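The values are calculated or read from the model by the stated rules, or taken from the named source; none is laboratory data. Small disclaimer: the values here were computed from a predicted structure and weren't measured. Positions of Cβ are backbone-derived with ideal geometry, glycine not excepted, and every protein chain shown enters the neighbour counts. Note: accessible area is taken over every heavy atom of the protein model, side chains too, but ligands, DNA and RNA are not part of it. Shrake-Rupley method; radii C 1.70, N 1.55, O 1.52, S 1.80 Å.
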Amino acid sequence: MARTTRRTRTLMTLAALTSAGIALSGCSSAGSDDGGDGQTLKLWHYEGADSAMGKAWAEAIKIFEEETGATVEFEEKSFEQIQKTASQVLDTDAAPDLMEFNKGNATAGFLASTGLISDITDAVEEYGWDDMLAPSLQTTAKYTEDGVMGGDAWYGVPNYGEFVGVYYNKDAFAEAGLEIPTTYDEFVAVLDAFVAKGITPLAEAGAEYPLGQLWYQLALLEGDRAFVDDYQLYENPVDWDGPIITSATETLAEYVDKGYIASDVSSVKAEDAGVSFINGTAPIFVSGSWWFGRFVAEATAFDWTMTAFPGADLSLGSSGNLWVVPENAANKELAYEFIDITMRPEIQAIIGNNGGLPVAADPADITDEKSSELIATFNGILERDGLSFYPDWPAPGFYDVIVQELQGLVTGVQDAAETTKGLGEAYDEGTADFR
Amino acid sequence: MSLSTRARRTAPPEQPAIPQSGRGSGAYWLYLLPGFVLLVVIVLIPLVWNVYLTFQKWRGVRAPEFIGLENWQKLFTDDDFWVSFTNSVWMIVAMVVLPTVLGLLIAALLFDVIGRRFGGRVASFLRATYYLPQILPVVVAGIVIGWIVRPDRDGALNQMLGWVGLPAVDWLGQMPSALIVLMVVMVWVQIGYPVVIFMAALQRVDPELYEAAELDGANWMQRFTAITMSIIRPEIFVVTLTCTIAALKVFGPVYVITRGGPAGATLVPAYYAYQEFFTKRNIGYGATIATVLTIVVVIVSVVFIHVQNAMEQKERAGL
């Protein structure tokens with residue numbers, strides 16, 4: 001009993017101290033942010049310091065401080081942290097002046113529709129950023145009042161792009177006497193050939209995004225721009241029983257049956273799939289350009305290359321994450337000046353020379369040969385208006401649904417028809433608000 | 001006369017005034033006030049707000065929209081919700097039933113056998129090793145477990161299976177192995193708690209009782225059931241109640257190890273509510289799941305306390 005009393009007292013003391021701490025921290029943050037003195041730019045981003053973007057932003061911060069005399073108060077955040085808590089934080093005085101945020105209807109679009117991030121159309125026109133960005137890159141930066149991308153008002157500015165293609169281990173191909181495929185039929189023939197040699201050709205991950213991206217890429221093989229507009233921009237209802245999606249789900253099930261991907265893929269994470277390509281276990285990896293820099297640094301034991309998905313006019317991809325300016329930002333002008341610096345050729349070149357895909361770089365500045373090859377592939381996709389965004393964008397929480405449904409498919413818990421039905425129901429429910 | 005004189009002499013010169021009813025009770029209320037304020041701010045207001053949200057459609061910002069009983073209706077036809085509650089039953093098996101039974105046996109063995117033969121220090125050391133998983137952050141434990149049970153031959157467990165010629169198992173990628181792994185982890189995490197509580201409780205047992213029983217020819221199992229079990233019954237109740245509540249609310253291990261997968265097979269109510277709250281932004285529906293969870297926890301607690309009181313009263317009555 002005495003112990004209980006003492007514990008209760010300790011807990012109460014702790015609670016009191018905690019609430020006092022919260023109160024104090026609340027006071028201090030309000031005190032420092034309310035000023036909007038034009039001398040401090042509070043900046044949040046979640047790029048790793050060694051990534052192409054991390055290096056570019058570090059240089060941009062240096063230039064910004066030299067040129068404006070203002071100080072950058074940088075806070076390193078994680079992607080998850082910003083994703084999960086942004087809507088709460090941005091509604092308070094603790095909001096930063098400039099923040100990196102994920103693009104898409106369920107993310108930047110959601111914040112735009114709630115008024116938590118600013119309509120920066122005037123700044124975009126004033127600084128001329130719209131002239132620097134290809135139309136398909138603009139789609140994810142502009143939103144309607146309801147937060148649907150492709151609208152008229154600018155809510156963010158992207159500095160880089162990304163797309164999903166296929167990484168090939170050239171040494172493994174040479175050893176198996178195979179050529180890098182240029183059509184979908186050749187791609188399937190290569191998969192068959194590896195399986196015949198007892199090699200599981202595709203590195204895959206069912207617990208995270210790679211499997212869902214492969215599923216959507218298979219749908220894009222059959223679909224056209226109108227399908228993408230219906231799926232992503234809600235122009236017309238998506239036919240979940242139609243040939244495009246049915247074919248994608250059935251083909252994915254076939255990939256498992258035929259041994260193109262391992263049957264125990266459902267608990268594998270993206271990192272593990274990437275590592276199995278890096279260590280040479282799997283000769284093919286369908287994934288994004290965000291792996292490129294990592295592979296340059298780590299997949300050094302063999303020669304490799306990356307192309308767009310063979311035979312597809314449409315590729316998953318979009319602009320990179322966006323710089324967004326919270327409505328509660330105290331120093332919006334400084335935020336615009338920082339964005340402008342990140343669009344300069346010298347900063348864009350840092351992105352390009354470190355495995356990233358710059359959106360406004362001078363090709364002459366890209367000195368790295370492998371990076372030039374990647375940028376050329378990306379530019380090819382942009383030229384044929386081939387960016388088709390990502391499968392989980394249309395509805396909040398659809399990412400988890402895709403992961404769960406495709407896990408059900410690859411583990412054999414449900415067949416292709418049940419999987420498509422589950423996906424379709426969740427999609428329709430999640431997008432009902434936007435239609 | 002002499003008695004009263006002695007009494008006067010031994011009595012302290014100034015007795016502290018015992019607060020009289022009416023006048024003193026106000027002071028007690030003052031002491032209770034901080035706790036009451038915290039209760040209102042941290043528990044009652046969020047609870048009322050949570051219940052209010054169950055009748056709303058809300059994405060977390062802007063005003064909620066009243067939708068009546070829609071969230072509640074959806075709940076009853078939602079397969080995922082029922083799967084999550086079925087999994088709670090398995091979590092109760094893993095976090096309450098098995099740890100309590102095993103904890104009882106281990107505590108009795110440590111106290112009665114190891115403690116006697118090898119001394120208290122050895123018993124204390126072993127008790128600490130059982131308790132170790134309790135102090136390990138669940139995220140760290142989860143990541144390590146994740147490495148151990150990785151698919152193919154990448155995981156330590158599958159490598160060991162390979163040494164004895166057994167095929168690799170996709171532990172977290174299929175059912176029922178994903179749920180079994182989660183349950184084994186929870187048994188491992190939980191077992192130290194009952195061991196420590198029961199060993200502390202065993203200190204209350206008079207050694208003479210054991211000796212007397214031993215002289216009467218009672219074997220270890222008879223002593224365990226007749227003496228140990230009956231004396232530490234209050235602790236068994238406490239452990240069962242707190243662990244049941246923990247099992248119903250379990251979140252961390254599911255988040256770190258399986259994320260509710262594969263295909264939602266290891267979903268539990270707390271993780272499901274989290275998904276609805278933070279990833280789907282169906283705040284109203286998430287609040288409905290959380291409210292049901294709260295109701296279940298309250299019912300379980302009330303039933304437990306009621307049963308415990310009834311048994312104690314029976315015991316006091318000498319039945």
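Which FRET efficiency value, to the nearest 0.05, is calculated for B:Met160 and B:Ile180 with the Förster distance at 25 angstrom and r the Cβ-Cβ distance?
FRET efficiency, B:Met160 to B:Ile180: 0.90.
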Roughly how many Å is it from the Cα centre of the stretch A:291-331 to that of the stretch B:90-114, as a whole number?
51 Å
Helix A:184-196 versus the longest principal axis of chain A: what is the Cα-based angle in degrees, 0 to 90, to the nearest 10?
80 degrees
If I take all pairs of Cα atoms in the stretch A:284-435, what percentage of them are more than 25 Å from each other?
51 percent
Considering the dipole of the protein assembly as shown built from charges on the beta carbon (Lys and Arg +1, Asp and Glu -1) around the Cα centre, which of A:Thr71, B:Leu33, B:Gln275 is farthest to its positive end?
B:Leu33
Magnitude of the Cβ-charge dipole of the protein assembly as shown, K/R +1 and D/E -1, about the Cα centre, nearest 20 debye?
6200 debye
Principal-axis tilt of helix A:332-342 within chain A, Cα atoms, nearest 10 degrees:
40 degrees
For the stretch B:206-319, the percent of accessible surface on carbon and sulfur atoms (probe 1.4 angstrom, ligands and nucleic acids excluded) is 65 percent
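Suppose the chain between B:Thr86 and B:Tyr28 were pulled fully straight at 0.36 nm per residue; how much longer would it get relative to their current alpha carbon spacing?
Between B:Thr86 and B:Tyr28, full extension yields 16.4 nm more.
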Grab the beta carbon distance between B:Phe66 and B:Thr294, set R0 = 22 Å, and tell me the FRET efficiency rounded to 0.05.
0.55
With T = 20 °C, eta = 1.002 mPa s and Kirkwood Rh from C-alpha pairs, the Stokes-Einstein D of the stretch A:313-382 in µm²/s is about 158 µm²/s
Can you tell which of A:Phe110, A:Phe285, A:Phe302 shows the greatest fluctuation in a Gaussian network model of chain A with Cα springs below 10 Å?
A:Phe302
Mind checking Rg over Rh on chain A, alpha carbons, Kirkwood formula for Rh?
1.01
A chain fully extended from A:Tyr184 to A:Gln88 at 0.36 nm per residue, minus the present Cα-Cα distance, gains in nm 30.0 nm
Rolling a 1.4 Å sphere over the protein heavy atoms, what is the accessible area per residue of the stretch A:178-298, to the nearest Å²?
37 Å²
Please enumerate, by chain and number, the aspartates and glutamates with C-alpha under 18 Å from the C-alpha of B:Lys249, excluding those fewer than 8 residues away in the same chain.
B:Asp80, B:Glu276
To the nearest whole number, what is the average tally of beta carbon atoms from other chains within 10 Å of the beta carbons of peptide A:256-265?
2
Among DSSP beta bridges whose residues both lie in the protein assembly as shown, state the antiparallel percentage, nearest 5.
70 percent
Looking only at B:Gly260, B:Gly146, B:Gly115, which one moves most when chain B is put into a Gaussian network model with springs between Cα atoms under 10 Å?
B:Gly115
Hey, in the GNM for chain B with a 10 angstrom Cα cutoff, which one of B:Pro176, B:Pro34, B:Pro207 fluctuates hardest?
B:Pro34
Cleavage-rule hits, GluC sites (Glu not before Pro), the stretch A:230-281, DSSP coil, Cβ neighbours within 10 Å at most 16
A:Glu235
Provide the solvent-accessible area of B:Ile135, counting protein heavy atoms only and rolling a 1.4 Å probe, rounded to the nearest 10 Å².
120 Å²
Percent accessible area from carbon and sulfur atoms, the stretch A:368-431, protein chains only, probe 1.4 Å
47 percent
Cβ-derived FRET efficiency at R0 30 Å, B:Val302 paired with A:Glu425, nearest 0.05:
0.20
With +1 at each Lys and Arg Cβ and -1 at each Asp and Glu Cβ, the charge dipole magnitude of the stretch A:109-257 around its Cα centre, to the nearest 20 debye, comes out at 460 debye
B versus A: buried accessible surface, summed, Å² (probe 1.4 Å, to nearest 100):
2400 Å²
Can you find, among B:Cys243, B:Gly264, B:Ile227, the residue sitting farthest towards the positive end of the charge dipole of the stretch B:210-319, where Lys and Arg contribute +1 and Asp and Glu -1 at Cβ?
B:Gly264
Toy charge model, Lys and Arg Cβ at +1, Asp and Glu Cβ at -1: the stretch A:155-203 dipole around Cα centroid in debye, rounded to 20, equals 120 debye
What whole-number distance in Å separates the alpha-carbon centres of the stretch A:389-425 and the stretch B:290-319?
42 Å
Figure the gain on full extension for B:Val97 and B:Asn219 (residue separation times 0.36 nm, minus the Cα-Cα span) and round it to one decimal in nm.
41.4 nm
Taking the Cα atoms of the stretch B:155-227 alone, what are Rg (to one decimal) and Dmax (as a whole number) in Å?
21.0, 56
Listed residues A:Tyr184, A:Ala134, A:Leu406: farthest to the positive end of the dipole of the protein assembly as shown (Cβ charges)
A:Leu406
Over the protein assembly as shown - Rg/Rh using Cα atoms and the Kirkwood inverse-distance radius
1.05
